[in-house]
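Read the structure below first, then the notes.
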Amino acid sequence: MTEPLLQLDGLSVSYRTRRGPVPAVVDVSLRLNRGESLGLVGESGCGKSTIAFAIMRWLAGRGQIVGGRVLFEGRDMAGISREELRRIRGKRIAMVFQEAMSALNPCLTIGAQLTEVLKFHENVVGPGAERRAKDMLAEVRIPDPDRVFRAFPHEISGGQQQRVVIAMALLANPALLLLDEPTTGLDVTVEASVVRLIAEISRRFGTSLLYISHNLALISRVCERIAVMYAGEIVEEGPTRRILTAPIHPYTRGLIRCLPESGADKIARPLSPIPGQIPAPWERAAGCFFQPRCGYARDGLCDASHPPLIGYGKGSTVRCLRASEIEPGRIDAVAGEAPPAADGVAVSVDRLSKDYRLTPPGLRGLLPFADPLRIRANDHLTFNAASGRTLAIVGESGCGKSTFARVLTGLERATGGRIEVAGTDLAQLSVIDRSREQLRALQMVFQNPDETLNPSYRVGRQIARVASRLLGLGRRERAQRVRDLFAEIRLPAGIADRKPRHLSGGQKQRIAIARAFVGNPEIVVADEPVSALDVSVRAAVTQLLMEIQRAHGTTLILISHDLALVRYVADTVVVMYLGQVMEVGTTSQVFSAPHHPYTEALLAAQPKLEDDRGLHAPVEGETPSPLDPPQGCPFHTRCPRKVGTICEISRPSEQVTPAGHRMACHIPMDELVRAQERATT
Amino acid sequence: MTDATKAQTTPTLRSLLAESPILIAGLSILGFWLMVAILAPWIAPFRPNENLVPMALPGQRTPDGRLMLLGADHLGRDVLSRIIYGGRTVLTYAPLATLCAYSVGVTLGLIAGYKGRWIDELLSRFADLVLAFPVIVLYIVIIQKFGASGLNILIAVTLASSPGIMRLVRGVVLDLRTRAYVSAAQMRGESTFYILFVEILPNARGPLIVDACLRLGYVTITIGTLGFLGLGIPPPTPDWGSMINESRHFALVFPHMAVFPCLAVSSLVLGFNLIADGLRELSLAD
């Protein structure tokens, strides 16, 4: 057997804190052969990033390797001098971090930063270094290497920054590339192309990859093997295909089960969340760490002794005492209930526009009569939301979906058009002008669980305040309402006496949902309600939101970039790009051909568990700046189905089918169907 | 780290203190001066305006045999007793003036940061105007015009410090007003007053407390300076600044008249600064 490139032998890492040492990584053993790619998947706080830092021997001040060894190319990293370590980092092991912007020095050109790598590690300078740097930029598919070479980091887009960081990591031709959530913060279409690049690289350069992510679907696109981490240890490891199709460990099964399957909707296959939440290092259970959340746990066995990692078939290991008894495989679906039939329109949006004015940068902005820059965040939006149903608005960042939410809720005033709710036009009515009844009828769930609740007050008090403002309840009735709501969101009533910082992200988001439903609103706007949560918690919160909606018969307007979630939750879908509506239809209309070419690109970019490594090409390029939107069809700059100059000159008018499927594209719908069906077969 | 890390109980006061020796040092100095000021009538060996032996050196005794530990000034008043009583003056006026400056600065800062547009523009430009003026000239103009009194010190300090506080608060509010809980409050129809003082202000407390401690130090120096310029609390009320001022003509021959009040001022300012540093250190830890 050949010597592995990287070997971790019972690695344990602890952080020193006020409460004493906190074990972040517990007894982790891994092998990575030359040219192999290994994915490390796990939710926040499971220790996956700590492993990457421990490999580089780059733990922050409070971190410490307390046991085990890291062998790189057969040498123990612990015995290597500082000077030699400097040579190994970057030359033999390179790392790509989450935030590309903070990995690049804003004061130096891209070229200077790239050639520095060659100068330091290979002592190559001058035109030779420049040529190699530009070649590498071309290798990472940067369209204009000469321009980017001279550019400063802020002059290129986020996706390009991440490509530059990858180019920089590859320049010294390292044997091992560590990638720590390299696509976080990128839009789906950009993420898809960066992931495709990474997968290509490992094949072309023979570089070994250690890919760290919380996203199982993304990892499965790049890696041959996957190790699943939970609470600081590896619970299952094996070939990607086996992990995806026949997971053994209950946690792995749970992780896969709580991802909405791309083909499924809420009736055919409801999400099954993992109960409970990830334990903090000092709260880990006796016996198996996962046992308190595990559906297979058996008293007297799983809580008695800590399970060892045992071999399971060829090349797989699993840490479960009941592994041999559990049937491997995905878990069967339980059918859900169909929603009640729709009766009428709750929100009617008619040619709604919203412009933002920006002060021009520089000295010009100081002039009192300077022409303000205008950003058209919403451009003549038209669609209806059926009452009691879920309408989803999808699109990438900057498409104007959150702006629409702010206009609808009255946090901003529209520039033109109408939003009709219960017979009144709300477009020009900002929150201060709305009556108590209008405020009560329309509430919102916000995105970021850390900002949604006021950190200074107990959460029960915050909900009681809403009850007194919107319903005018007295003290005793308020307390009762808080208790009822806590029962409804399935949190113990004792939580009402806590402040937000003592709650987990999932709990905070549940309380935010409760706050939105205090006054029994007819309409609730949810702006990316689960995107900041951990995967295993996401499913539970989604499920809760849908249950409450059904119980109250509320119209839900869901704003999201996650197509799988939208397909799962929504009845009607609106696809937006650069402030304009591209496509509107029922979920089945939007998710089956004909698609608008942009919807098609979004669907292609969506990471899926099913198609293992078949990477069909998503669109290249990035969303143009809303300050300078393209003429004609906004999507023509990236559209793979662009027909010609007509797309650049005239804005397509909307095609409407009798079934109500609307789409703004120059290509006739029946032609689109034919082309798209050809592409899939 | 994770959510769960944050989910621990709040650290107790004792564990906080154990984390920061600087904070302990600062609090000890402040505590010492507070005790001295409160207990002045019981611990001061003489009444502050009692005329004993002019220019007595430290350690000299009065004719009736009582010890003047730090000597006496040109009017024969015991320096130690005047420092002890002077602590009362400074520890009354410094916090009071800081409080006044904060009430004005915080209110204006909240309004400027939250309302934005022309209100912000107007308040910010006015703050620039005051800040561009040399502070000491400002003090002198104000107090020359209205006369030296405790109240006028409060007014002068408020006028000079509140623009800086306003700037600080405005900056914090610009960040906090975009939080979802502020939007949530707007969406249940809360008044601007409620949003400013109940939703936003409590969350701005971190940087404000640190700044307040530093500012207490500056105000202590300011009051000393005003006293030194003869613009402070009118004599014969014991005041550290005026004591230093009175010692000017004799400082070369009788340095004890100047040295001890100076030490008192600097130790108190040091105490405030150490508290500010300690609090900042704690807020930066995790």
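The values are calculated or read from the model by the stated rules, or taken from the named source; none is laboratory data. Note that the structure is predicted; figures quoted are calculated from it, not measured. All Cβ positions, even for glycine, are placed from backbone atoms using ideal geometry, and neighbour counts span all protein chains on display.
Going by the conditions given, is B:A156 under 19 Å from the mean Cα position of the chain (by Cα), in contact (Cβ under 8 Å) with a residue 24 or more places away in the chain, assigned to a helix (DSSP H, G or I) and buried (at least 20 other Cβ atoms within 10 Å of the Cβ)?
Answer is yes for this residue.
Pairs under 7 Å by beta carbon, first residue modelled with pLDDT of 85 or more in the stretch A:473-501, partner of a type in the set (S, T, N, Q) and surrounded by fewer than 19 Cβ atoms within 10 Å (Cβ to Cβ), six or more apart or different chains?
Note: pairs meeting the criteria are A:R478/A:S468.
Checking A:Q428 against (1) more than 13 Å from chain B (Cβ to nearest Cβ); (2) touching a residue at least 40 places away in the same chain (Cβ under 8 Å), which test does it fail?
Among (1) more than 13 Å from chain B (Cβ to nearest Cβ); (2) touching a residue at least 40 places away in the same chain (Cβ under 8 Å), the lone unmet condition for A:Q428 is (2).
From A:L5, A:L40, A:L30, grab the single residue that is crowded, with 18+ Cβ neighbours inside 10 Å, touching a Ser or Thr at 6+ places or on another chain (Cβ under 7 Å) and not β-branched (V, I, T).
Matching residue, one of A:L5, A:L40, A:L30: A:L5.
Of the residues A:R538, A:R567, only one is of a type in the set (K, R) and within 29 Å of A:C633 (Cβ to Cβ); which?
On inspection, the qualifying residue turns out to be A:R567.
Can you list the helices (runs of 4 or more DSSP H) found entirely within the stretch A:67-123 that contain at least 3 residues being aliphatic (A, V, I, L, M) and within 22 Å of A:R150 (Cα to Cα)?
Hits in the stretch A:67-123: A:100-103, A:110-122.
Could you pull out every one of the helices (runs of 4 or more DSSP H) wholly within the stretch A:431-493 that has 3 or more residues that are more than 9 Å from every other protein chain (Cβ to nearest Cβ), among the basic types (K, R) and surrounded by fewer than 21 Cβ atoms within 10 Å (Cβ to Cβ)?
A:475-488
Answer with yes or no whether B:E121 is touching an Asp or Glu at 6+ places or on another chain (Cβ under 9 Å) and free of Cβ contacts under 8 Å to residues at least 40 places away in the same chain.
no
Given the criterion within 27 Å of the chain's Cα centre (by Cα) and under 30 Å from A:A192 (Cα atoms), identify the matching residue among A:L453, A:L381.
Going through A:L453, A:L381 in turn, just one is within 27 Å of the chain's Cα centre (by Cα) and under 30 Å from A:A192 (Cα atoms): A:L381.
Test A:Q509 against the criterion of being more than 9 Å from chain B (Cβ to nearest Cβ), under 21 Å from B:V182 (Cβ atoms) and in a helix (DSSP H, G or I), and give yes or no.
Answer is yes for this residue.
With the checklist (1) touching a strand residue (DSSP E or B) at 6+ places or on another chain (Cβ under 9 Å); (2) of a type in the set (G, A, S); (3) within 9 Å of chain B (Cβ to nearest Cβ) in hand, flag the one item A:G417 doesn't pass.
(3)
Checking the structure you have, find out if any residue of the stretch B:29-40 is modelled with pLDDT of 80 or more and either within 14 Å of another protein chain (Cβ to nearest Cβ) or not in a helix (DSSP H, G or I) (or both).
The answer is yes; a qualifying residue exists.
Considering A:G300, A:G295, A:G287, A:G313, which residue is among the small types (G, A, S), in a loop (DSSP other than H, G, I, E, B) and crowded, with 18+ Cβ neighbours inside 10 Å?
A:G287
Can you name the residue in the stretch A:513-535 that is part of a helix (DSSP H, G or I) and either surrounded by fewer than 23 Cβ atoms within 10 Å (Cβ to Cβ) or not small (G, A, S) (or both) and, of all such residues, is nearest to the other protein chains (Cβ to nearest Cβ)?
A:R515
Residues B:R205, B:R170, B:R117, B:R179: which one is exposed (fewer than 14 other Cβ atoms within 10 Å of the Cβ), of a type outside the set (S, T, N, Q) and touching a Ser or Thr at 6+ places or on another chain (Cβ under 9 Å)?
When all the criteria are applied, what remains is B:R205.
Which one of B:I233, B:I223 is crowded, with 20+ Cβ neighbours inside 10 Å and not in a helix (DSSP H, G or I)?
B:I233
Within the bounds of the stretch B:208-216, is there any residue that is assigned to a helix (DSSP H, G or I), within 11 Å of chain A (Cβ to nearest Cβ) and surrounded by 22 or more Cβ atoms within 10 Å (Cβ to Cβ)?
no
In the stretch A:396-414, what residues are of a type outside the set (V, I, T), within 14 Å of chain B (Cβ to nearest Cβ) and outside any helix (DSSP H, G or I)?
Passing the criteria: A:G410, A:L411, A:E412, A:R413.
Every residue in the stretch A:111-142 that is surrounded by fewer than 19 Cβ atoms within 10 Å (Cβ to Cβ), in contact (Cβ under 8 Å) with a residue 24 or more places away in the chain and farther than 17 Å from A:P174 by Cβ, please.
A:R141
Any residue in the stretch A:354-371 that is surrounded by 11 or more Cβ atoms within 10 Å (Cβ to Cβ), modelled with pLDDT of 70 or more and among the small types (G, A, S)?
no
B:S161 is checked against (1) more than 10 Å from chain A (Cβ to nearest Cβ); (2) surrounded by fewer than 22 Cβ atoms within 10 Å (Cβ to Cβ); (3) not hydrophobic (A, V, I, L, M, F, W, C) and fails just one. What number does that condition carry?
(2)
Would you mind stating whether B:F193 is of a type outside the set (K, R), assigned to a helix (DSSP H, G or I), without any contact (Cβ under 8 Å) to a residue 24 or more places away in the chain and within 14 Å of chain A (Cβ to nearest Cβ)?
So B:F193 fits the description; yes.
Taking the criterion of being within 14 Å of chain A (Cβ to nearest Cβ) and either at pLDDT below 85 or exposed (fewer than 14 other Cβ atoms within 10 Å of the Cβ) (or both), would at least one residue in the stretch B:19-28 satisfy it?
yes
Could you identify the single residue in A:I243, A:I278 that is within 23 Å of the chain's Cα centre (by Cα), modelled with pLDDT under 80, surrounded by 18 or more Cβ atoms within 10 Å (Cβ to Cβ) and β-branched (V, I, T)?
A:I278
Of everything in the stretch A:139-159, what is modelled with pLDDT under 85 and closer than 26 Å to A:L210 by Cβ? Give them in sequence order.
Of everything in the stretch A:139-159, those that are modelled with pLDDT under 85 and closer than 26 Å to A:L210 by Cβ turn out to be A:E139, A:V140, A:R141, A:I142, A:G158, A:G159.
Condition check ((1) at pLDDT 90 or above; (2) small (G, A, S); (3) more than 30 Å from B:G232 (Cβ to Cβ)) across all residues:
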position	(1), (2), (3)
B:I143	no, no, no
B:F146	no, no, no
B:I153	no, no, no
B:T158	no, no, no
B:R177	no, no, yes
B:Y181	yes, no, yes
B:A184	yes, yes, yes
B:E190	no, no, yes
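Tell me whether the stretch A:501-511 contains one or more residues that are in contact with a strand residue (DSSP E or B) (Cβ under 8 Å, 6 or more places away or on another chain) and either crowded, with 21+ Cβ neighbours inside 10 Å or of a type in the set (V, I, T) (or both).
yes
Provide a single number: the residues in the stretch B:41-84 that are among the basic types (K, R) and modelled with pLDDT of 85 or more.
Looking only at that region, the number is 1.
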